[in-house]
Amino acid sequence: MKSENKLAGIGILTAFSASLCCITPVLALLAGTSGLASTFSWLDPLRPYLVGLTVLVLGFVWYQKLKPQKQIDCNCETTERTPLIQTKTFLGIVTVFAGLMLAFPTYAHIFFPKTETQIIVTEQFNIRTAEFTINGMTCSGCEEHVNHEVNMLKGIVNTSVSYDNGNAIVEFDKTQTDIQEIEKAIAKTGYSVTDKKEIK
């Protein structure tokens, strides 16, 4: 029983580790320490292995829990209740929690407040578009974090951030902000801008 509990604990730990690179930006934003967001981005290449390990460990624990136990006939009555930590209910809770952790990257965006860009464009010719190549983004949570910081600047018209492409395309009013200010906002998140260029 103790070994099952240890394995369940390992399952939670590996599930948490698999999503740590996506959980950190949310925690950093909530704590007001945006610069810590990319701290665990180095774990992203290990994510498939951690997910696989979580599934294997929890699968094995469920197998141990559900396989028929050998009955010892001692003609004695036992009224001892099984502790919660050793029940299928507890293992079910652990499994659901691990599943939520593994799926975190798919719903991380709901934790980021929506930042509406409020801009009054006086002249269309003041609108510029720039592309920023960003290093360290690993999931949609990272995209939302960059989006949030950039949209807090005055003069932002539109943003499109992609962790797949490793970039952000930002439309802005050049009379209210500039490429350097946008780069600083991105750097606040902890991700680094490796290249920037005005595209129109």
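Any read-out appearing in this document is the output of simple, stated calculations on the displayed coordinates, not a laboratory observation. Computed from a predicted model, the values in this text were never measured in an experiment. We place every Cβ from the backbone using ideal geometry, glycine too, and count neighbours over all the protein chains shown.
Output the peptides 148-158, 124-134, 190-200 sorted from most to least packed, where packing is the average of other Cβ atoms within 10 Å over each peptide's residues.
Per-residue mean Cβ counts within 10 Å order the peptides as 148-158, 124-134, 190-200.
Mind ordering 170-179, 97-106 by average Cβ neighbours within 10 Å, highest first?
Result, highest mean first: 170-179, 97-106.
Taking R0 as 22 Å, what FRET efficiency do you get between Ser3 and Arg81 from their Cβ-Cβ distance, rounded to the nearest 0.05?
0.60
Compute the orientation-averaged projected area for segment 140-196 from the convex hull of its Cα atoms and round it to one decimal in nm².
If you wrap the Cα atoms of segment 140-196 in a convex hull and average its projections, you get 3.4 nm².
Applying a 10 Å radius around every beta-carbon, put 88-96, 159-167 in order of their mean neighbour count, most first.
So the order, starting with the most tightly packed, is 159-167, 88-96.
Can you give the FRET efficiency to the nearest 0.05 for Tyr49 and Thr89, using r as the Cβ-Cβ distance and R₀ = 30 Å?
Taking R0 as 30 Å, the efficiency between Tyr49 and Thr89 is 0.55.
So which lysines pass the test for Lys67, namely a Cα distance under 21 Å, with those fewer than 8 places away in the same chain ruled out?
Lys2, Lys6, Lys88
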